[in-house]
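The values are calculated or read from the model by the stated rules, or taken from the named source; none is laboratory data. Since we're looking at a predicted model, the values are computed, not measured. Using ideal geometry, Cβ is built from the backbone for each residue, glycine included, and neighbour counts are taken over all protein chains shown. When the accessible area is computed, the model is the full protein with side chains, heavy atoms only, and any ligands, DNA or RNA have been set aside. Shrake-Rupley method; radii C 1.70, N 1.55, O 1.52, S 1.80 Å.
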Amino acid sequence: MFDALNDKIRDLTPYDPIQGTYPIRLDANESFLPISNEILQEAHNAISQLAYHRYPDPYAVQTTAAFAAYYGIDAELVTAGNGSDELISVLMTAFLMKGERVLTFSHDFSMYRFYAALIEAQCIEVPKNADLTIDVDCVIHMAAEQRVRMILFSNPCNPTSLGLCREEVRRLITSVDALVVLDEAYMDFWDQSLLEEVLQYDNLIILRTCSKAFGMAAIRLGFAVANPTLTRAIRAVKSPYNVNAVTQAIGTAVLKKSQLLRDSIQTILSAKAALFAACKELEQQFPDRLHVYESCTNFIFVQTPDARQWYDFLLEHGVAVRCMGDYLRITAGADEENDMVTQLSKQFLNGKGES
Ligand SMILES: *Cc1c(COP(=O)(O)O)cnc(C)c1O
């Protein structure tokens with residue numbers, strides 16, 4: 001019998017997000033705001049005029065221009081991808097040879113490790129400090145000692161919700177002999193981006209996504225930003241028509257609405273602040289049961305010995321969050337969703353969760 005499955009894929013299982021219908025979804029860090037009617041109308045107009053029988057623009061020129069204009073950067077430095085997830089895969093495939101070393105952290109975004117394994121790169125996971133902060137000196141040391149070719153991490157971090165300040169990221173980039181892929185998926189919620197200075201480095205690629213702050217997870221649109229030499233290489237290695245025409249049209253329409261986007265971010269940040277305050281209150285009432293981390297993102301990260309039971313209790317009541325070992329990750333939702341998760345959590349901590 002022919003065995004098509006090799007060792008690197010034999011034990012893999014398909015990605016399995018929480019399925020089923022839960023009235024309240026706070027598990028995937030999406031925006032809780034639906035796209036506004038005004039933008040929706042423009043998106044409809046844009047796609048009604050598409051030449052559906054033609055391949056899309058391979059370089060998504062209008063979309064990258066709209067993205068660049070929003071951030072005040074040069075569109076020549078921007079490459080669009082089918083979600084930043086695709087770009088992570090493309091960058092790893094292209095910039096690493098089999099067996100070369102890529103440095104990531106634990107805990108960080110789980111897809112980094114996954115793609116590294118697929119291309120048979122060696123993934124070195126540097127543990128974070130006990131308080132989940134990053135020890136930059138340790139990273140610099142490890143990168144040199146292990147002859148690491150690529151360093152890949154999210155800032156602010158998913159899942160920890162913590163951010164590494166700009167000065168420390170700069171120090172890391174300029175102190176290593178490695179390509180730094182800086183995943184700024186949540187940087188729209190914080191103010192320490194390096195987007196504007198990407199030209200200053202020959203070893204920096206920044207990833208951004210429309211899936212979180214901009215509320216467009218459904219259309220799959222992400223961007224890589226880097227100097228012209230790196231950008232040329234990224235464009236050369238990506239598949240030609242990686243971003244479909246519908247996504248390009250809708251993405252362009254949304255990205256042009258800069259004021260609406262900025263307003264949405266403020267709304268999400270207020271919701272996050274309310275959820276954070278509510279969780280902090282629980283922490284004060286139950287100091288032995290949970291610790292809430294500072295949040296530079298649109299979600300809250302909680303350490304608790306009761307993570308699994310707490311998670312199950314919420315799920316039984318129709319609220320989906322993410323459970324990761326001794327931690328819960330709760331995305332900020334609308335007011336009533338945040339109230340619901342807070343009330344249920346209080347019930348759980350008061351002992352009504354024991355069955
Ligand atoms: C959600 C997320 C992504 C994926 O973004 P897509 O553009 O939807 O693929 C990438 N990195 C991090 C850290 C994320 O949390």
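Residues in region 291-308 that are in a loop (DSSP other than H, G, I, E, B), without any contact (Cβ under 8 Å) to a residue 60 or more places away in the chain and either open to solvent by 10 Å² or more (accessible area, probe 1.4 Å) or within 10 Å of F276 (Cβ to Cβ) (or both): P305, D306.
Residues that are in contact (Cβ under 8 Å) with a residue 40 or more places away in the chain and of a type in the set (A, V, I, L, M, F, W, C) number at least 3 in the following strands (runs of 3 or more DSSP E) confined to region 37-135: 101-106. Being more than 28 Å from Q303 (Cα to Cα), within 20 Å of the chain's Cα centre (by Cα) and of a type in the set (K, R) narrows it down to one residue among R220, R171, R166, R232; which is it? Only one candidate passes the filter, namely R220. Restricting D85, D27, D108, D57 to residues that are at pLDDT 90 or above, surrounded by 14 or more Cβ atoms within 10 Å (Cβ to Cβ), under 23 Å from R235 (Cα atoms) and within 16 Å of the ligand (Cβ to nearest atom) narrows the list to D85.
Here is a yes/no grid of residues against (1) open to solvent by less than 10 Å² (accessible area, probe 1.4 Å); (2) within 11 Å of the ligand (Cβ to nearest atom):
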position	(1), (2)
P156	yes, yes
T160	yes, yes
R170	no, no
C210	yes, yes
A217	no, yes
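Applying the criterion of being in contact (Cβ under 8 Å) with a residue 40 or more places away in the chain and among the charged types (D, E, K, R) to the residues of region 4-36, the residue that is farthest from N338 (Cα to Cα) is K8.
Residue count for region 253-290 satisfying the condition of being surrounded by fewer than 19 Cβ atoms within 10 Å (Cβ to Cβ) and closer than 17 Å to D131 by Cα: 5.
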